[in-house]
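To start, the structure itself, in structure tokens.
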Amino acid sequence: MTISPPSNVRLPQEVPQNIPCRVLAHGVDTLVLAVNVRWLENYFFEKLSELKMDAEEAKQPATGKIMGLIDQADCLFLVAPFGRDGYQWLVSFQGCDMRIGNWLIPQQRPSVMVELRSETLWTHGVEESVSRILGMLKAMGGEIESVKLSRVDVCVDVLLADLLWSMDLLTRFNTRASKIDPHLSRGQLTGFSIGRGAISARLYDKPLEIAEKSRKFWMFDIWGLDSVPEDCKVIRVEFQLRREALRELGLDEYCQLEAGLPHLWSRCSKEWLKLVDDNAKHSSRQKLLPWWKIVQAGLPGSQQAYPLVRARAISEEATHLHKLILGSVASLTALYRQGDLLAVGEVLDLHSHVAMTLQRVCSSEWDDDKFTQKVKEKQAKRMRCEEKFAKATRLRAALGICLKQHNAPPPVLGDPPS
């Protein structure tokens, strides 16, 4: 006897062809590079040591800058009060974190581990993002000897009908991974995690993740959507490959990435993970879900750059902070008038209550010096935290790094700005 669904239930693979399913975006969302650098002098190390000592004393990251570039732009960076994983210094730039070792000549361990995050990669594209970072290392007095791939997160975002996104997918995964974990929030399916080794994958509701966690509302511009259409989901299909898996695919050096991305995606979406009509069937009888065929063809080339991402990220974070301020003003006003209930029909003047709140705040224990220090602390925190904070207080849209320094004087590391 076989068990079959009721006749009035439509299986996902039987969905009519007119239901939308199309690729909205594709690209590299996180990139980690192992860079071997020959430092021409130890002046930069001395400066990093000074900044790290300042950071340890202040118990917060210390700010430095690189000067002397051709376009005269200053490049700000932060040095953490601690190291990590055997690396002496943790240095943060806009959209990038570096772990820098305290050896001048390349050793078995990479000189610098560079992690480029999604905002930078989507804003500038992979090639320009990497060129900017290598330009910074050169400006610091380093001579690049090799750039190897350590981790690549590559993704495709698809617009999918609601009825295709359900727990029923657990019976559709055909994968080499031994572990599949569904994720739910308040009874709502948010995504799946597949595998935990050198290759892993995630399928998840990206707009929901944006709203609840990352705040990357600029992705809607990349998708070309104002909002998610009714009865649809935007699902991110993302594969994470670490160095062991990348080397097996013949992707060792960074210079091999652009040409190898389509092959990487094909290997992951056709051999390592597939979504089929029934994973209990013999592989020869399994049929791909129609929308997974679209996913498999979703990475035709390398990632494009979207210059408006940074402006949208700042705008969204500013709007969020404005709402927090207004909410705080309303809360303080209600607190001050706790024993003085509003009369029927009474309308409060917003501007006067904002001014009253500011006056009370300014008369508190903070003075100009403490306010300035707090702003610096907020700037430091935003430069070192993950991208979900959007780094809205750092309004420098570009670092101003010039990659061609023909006959230019060597850059000089200056003290942090006051």
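A few remarks follow.
- Selection status of residue 135, among the small types (Gly, Ala, Ser), in contact (Cβ under 8 Å) with a residue 60 or more places away in the chain, farther than 26 Å from residue 242 by Cβ and not in a strand (DSSP E or B): yes
- Inspection of the range 147-156 finds no residue satisfying the criterion of being outside any strand (DSSP E or B), on the phi < 0 side of the Ramachandran plot and not acidic (Asp, Glu).
- Failed item in (1) in contact (Cβ under 8 Å) with a residue 12 or more places away in the chain; (2) within 30 Å of residue 99 (Cα to Cα); (3) hydrophobic (A, V, I, L, M, F, W, C), with residue 210 passing the rest: (1)
- Number of residues in the range 77-98 that are within 23 Å of residue 123 (Cα to Cα) and in contact with a Leu (Cβ under 8 Å, 6 or more places away or on another chain) equals 8.
- The range 1-28 - residue that is surrounded by fewer than 20 Cβ atoms within 10 Å (Cβ to Cβ) and either within 20 Å of residue 132 (Cβ to Cβ) or of a type in the set (S, T, N, Q) (or both) and, of those, modelled with the highest pLDDT: 18
- Selection within the range 106-129: residues that are modelled with pLDDT of 95 or more and among the hydrophobic types (A, V, I, L, M, F, W, C). The member of this set that is surrounded by the most Cβ atoms within 10 Å (Cβ to Cβ) is 114.
- Among the conditions (1) within 27 Å of residue 28 (Cβ to Cβ); (2) surrounded by fewer than 19 Cβ atoms within 10 Å (Cβ to Cβ), the only one that residue 191 does not satisfy is (2).
- Residue in the range 218-234 that is under 21 Å from residue 30 (Cβ atoms) and either touching a Cys at 6+ places or on another chain (Cβ under 7 Å) or assigned to a loop (DSSP other than H, G, I, E, B) (or both) present: yes
- Test result for residue 181, free of Cβ contacts under 8 Å to residues at least 40 places away in the same chain and part of a loop (DSSP other than H, G, I, E, B): no
- Any hit, the range 258-273, residues being part of a strand (DSSP E or B) and crowded, with 17+ Cβ neighbours inside 10 Å: yes
- Any hit, the range 283-298, residues being outside any helix (DSSP H, G or I), more than 30 Å from residue 350 (Cβ to Cβ), modelled with pLDDT under 90 and under 26 Å from the mean Cα position of the chain (by Cα): no
- Criterion violated by residue 342 - all others in (1) over 27 Å from the mean Cα position of the chain (by Cα); (2) at pLDDT 75 or above satisfied: (2)
- Here the range 131-157 is the region considered, the condition is being at pLDDT 95 or above and of a type in the set (A, V, I, L, M), and the residue that is farthest from the chain's Cα centre (by Cα) is 144.
- Those strands (runs of 3 or more DSSP E) lying entirely in the range 24-122 with at least 2 residues touching a His at 6+ places or on another chain (Cβ under 9 Å): none
To keep it simple, each residue is scored yes or no on (1) more than 29 Å from residue 152 (Cα to Cα); (2) of a type in the set (A, V, I, L, M).
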| site | (1), (2) |
| --- | --- |
| 33 | no, yes |
| 42 | yes, no |
| 60 | yes, no |
| 82 | no, no |
| 114 | no, yes |
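- Any hit, the range 212-235, residues being within 22 Å of residue 272 (Cα to Cα) and in contact with an Asp or Glu (Cβ under 7 Å, 6 or more places away or on another chain): yes
The values are calculated or read from the model by the stated rules, or taken from the named source; none is laboratory data. Note that the structure is predicted; figures quoted are calculated from it, not measured. Don't worry about glycine lacking a Cβ; one is built from the backbone with ideal geometry, like all the others, and counts go over all protein chains shown.
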